[in-house]
1. Is it the case that some residue within segment 163-177 is in contact with a strand residue (DSSP E or B) (Cβ under 6 Å, 6 or more places away or on another chain), in contact (Cβ under 8 Å) with a residue 12 or more places away in the chain, closer than 30 Å to residue 39 by Cβ and within 16 Å of the ligand (Cβ to nearest atom)?
2. What residue, of 60, 53, is surrounded by fewer than 16 Cβ atoms within 10 Å (Cβ to Cβ) and either closer than 29 Å to residue 227 by Cα or of a type in the set (A, V, I, L, M) (or both)?
3. Please count how many residues of segment 172-200 are touching a helix residue (DSSP H, G or I) at 6+ places or on another chain (Cβ under 6 Å), crowded, with 24+ Cβ neighbours inside 10 Å and farther than 17 Å from residue 234 by Cα.
4. Return the residue satisfying two criteria in turn: it lies in segment 76-106 and is small (Gly, Ala, Ser) and free of Cβ contacts under 8 Å to residues at least 60 places away in the same chain, and of such residues it is nearest to the ligand (Cβ to nearest atom).
5. Being in contact (Cβ under 8 Å) with a residue 40 or more places away in the chain and touching an Asp or Glu at 6+ places or on another chain (Cβ under 9 Å) is the requirement here; does residue 124 meet it?
6. I'd like the residue in segment 117-130 that is touching a strand residue (DSSP E or B) at 6+ places or on another chain (Cβ under 6 Å) and more than 15 Å from residue 238 (Cβ to Cβ) and, out of all such residues, is farthest from the ligand (Cβ to nearest atom).
7. Name the residues in segment 75-112 that are surrounded by fewer than 16 Cβ atoms within 10 Å (Cβ to Cβ) and within 25 Å of residue 31 (Cα to Cα), would you?
8. Name the residue, out of 64, 77, that is small (Gly, Ala, Ser), farther than 23 Å from residue 181 by Cα and out of contact with any strand residue (DSSP E or B) (no Cβ under 8 Å at 6 or more places or on another chain).
Amino acid sequence: MRSSVGDTGTGPEKRGMNLTLRVWRQQGPTVKGKMVTYKVTDISPDMSFLEMLDVLNEQLIMQGDDPVAFDHDCREGICGMCGVVINGEAHGPQQTTTCQLHMRSFKDGDSIDIEPWRASAFPIIKDLAVDRRALDRIIQAGGYISVPTGTAPEAHATPVPKKDADNAFDAATCIGCGACVAACPNASSMLFTAAKVTHLGLLPQGQPERNDRVVNMVAQQDREGFGGCTNIGECSAACPKGISMETISRLNHDLLGALRAGARPKS
Ligand code: FES
């Protein structure tokens, strides 16, 4: 949707922003990509970044060109599907998801570089869309609680201390967007894995599988080719949900405890 800004009919009409976009275009996983320059005009500051890309794509389609491929779903900061590197920063200049980033974060006349997440564990599918299934496989390795089928137990039957409940909830806000990987110079997925290990490891229901969970999830992230964590902290700074580095300390604590207790990853 394109619109003028602040046109109330009572004053001089304000126009939207004119921007130069340098977008990574890559036809497929095995094809060489390159940055391509486009102009977009009259962009409302109230648009989200993805709406601005929609404007670009409408323009490209009208010209008979191939629209830019990018991932998105909820456009509400919930699903974790969206994510691009904007001027070198995962999700751009604000600590939020790309779909929740508004164009008022930019100025008229700006040039904006738009690239996909860069990590060998996230191969490019096309343009700005990457394959993030490596994160799903880390979850499959242990990021769950096994429960018997049947009626859900009464919620108050298992008391959880308030502090643990709050910390577990904070970790559970991870949406798996992969910004932590994209922001990390090592392309490490440690913050993602740590959020899942912390979320489940703090709750009573997560205790029976706690040791196996941490060793298997860490082994899987290594198998996927993510880099090692060297506590740089870019992951937490880029995380749209503000997952803290404390979760990584918890993971390391759990991992050492599990290994001392004899837990070993499944091969
Ligand atoms: S599209 Fe769902 S978080 Fe951005």
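1. Restricting attention to segment 163-177, the residues satisfying the condition of being in contact with a strand residue (DSSP E or B) (Cβ under 6 Å, 6 or more places away or on another chain) are none.
No, segment 163-177 has no match at all.
2. Values: 53 fails: surrounded by fewer than 16 Cβ atoms within 10 Å (Cβ to Cβ).
On inspection, the qualifying residue turns out to be 60.
3. Residues meeting the conditions: 2.
4. Filtering segment 76-106 for residues small (Gly, Ala, Ser) gives 77, 80, 83, 88, 90, 92, 105.
Among the residues that remain, those that are also free of Cβ contacts under 8 Å to residues at least 60 places away in the same chain are: 88, 92, 105.
On the way: 88: 20, 92: 12, 105: 15 Å.
If we take residues in segment 76-106 being small (Gly, Ala, Ser) and free of Cβ contacts under 8 Å to residues at least 60 places away in the same chain, then 92 is nearest to the ligand (Cβ to nearest atom).
5. Numbers: in contact (Cβ under 8 Å) with a residue 40 or more places away in the chain: yes; touching an Asp or Glu at 6+ places or on another chain (Cβ under 9 Å): yes.
Against the criterion (in contact (Cβ under 8 Å) with a residue 40 or more places away in the chain and touching an Asp or Glu at 6+ places or on another chain (Cβ under 9 Å)), residue 124 qualifies.
6. At the first step, the residues of segment 117-130 found to be touching a strand residue (DSSP E or B) at 6+ places or on another chain (Cβ under 6 Å) are 117, 122, 124, 127, 130.
Filter once more, keeping what is more than 15 Å from residue 238 (Cβ to Cβ): 124, 127, 130.
Details: 124: 19, 127: 16, 130: 14 Å.
Ranking the qualifying residues of segment 117-130, first place goes to 124.
7. The answer is 87, 88.
8. Numbers: 77 fails: farther than 23 Å from residue 181 by Cα.
Sole residue among the options that is small (Gly, Ala, Ser), farther than 23 Å from residue 181 by Cα and out of contact with any strand residue (DSSP E or B) (no Cβ under 8 Å at 6 or more places or on another chain): 64.
The values are calculated or read from the model by the stated rules, or taken from the named source; none is laboratory data. This is a predicted model, so every value here is computed, not measured. Every residue, glycine as well, gets a Cβ built from its backbone with ideal geometry; the counts of neighbours run over all protein chains shown.
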